[in-house]
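Engineer: Below you'll find the structure I mean.
The values are calculated or read from the model by the stated rules, or taken from the named source; none is laboratory data. Computed from a prediction, not measured in an experiment: that's the story for all the values here. Methodologically, a virtual Cβ is constructed for each residue, glycine included, from the backbone with ideal geometry; neighbour enumeration extends over all protein chains shown. What goes into the accessible areas is simple: the full protein's heavy atoms, side chains included, and nothing from ligands, DNA or RNA. Shrake-Rupley method; radii C 1.70, N 1.55, O 1.52, S 1.80 Å.
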Amino acid sequence: MRPLRMRLQKMSAQGHAWSRQVKKEDEEEDPLDQLISRSGCAASHYAVQECMAQHQDWRQCQPQVQAFRDCMSEQQARRREELQRLKEQSTAHR
């Protein structure tokens, strides 16, 4: 899959008329795509992309945007808790 930045540039250049492409073996995955994949929120991210491709108007995609935002917020909260636990464990072992 091409990096998100490239897909967004293509989307704006073509009026949002694009679709996801399969990643070629020799392409490097974009760090932002990697982050989204690791977050567990890739499905809601793709739902936003597909809605944008279909409607070409972000205002019509607000339910998908909100679902993606909620998913990422939950993931960030889990990550903060995990980091706090690790910090507490490392200070307890000293």
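Engineer: Can you tell me which of Gln54, Gln34 is outside any loop (DSSP other than H, G, I, E, B), over 27 Å from Arg79 (Cα atoms) and without any contact (Cβ under 8 Å) to a residue 40 or more places away in the chain?
Structural biologist: Gln54
Engineer: For residues that are open to solvent by 80 Å² or more (accessible area, probe 1.4 Å) and of a type in the set (A, V, I, L, M, F, W, C), tally how many sit in region 44-82.
Structural biologist: 1
Engineer: Pairs needed: first member in region 74-87, closer than 17 Å to Ala42 by Cα; second member anywhere, in a helix (DSSP H, G or I); C-beta distance under 7 Å; at least 6 residues apart or different chains.
Structural biologist: Note: pairs meeting the criteria are Gln75/Ser39.
Engineer: Tell me, please, whether a residue that is of a type in the set (Phe, Trp, Tyr) and at pLDDT below 95 can be found in region 46-53. If you could, list the steps in order and put the result at the bottom.
Structural biologist: The first filter runs over region 46-53 and keeps only residues of a type in the set (Phe, Trp, Tyr), leaving 46.
Now drop any that are not at pLDDT below 95, which leaves none.
No - not one qualifying residue is present in region 46-53.
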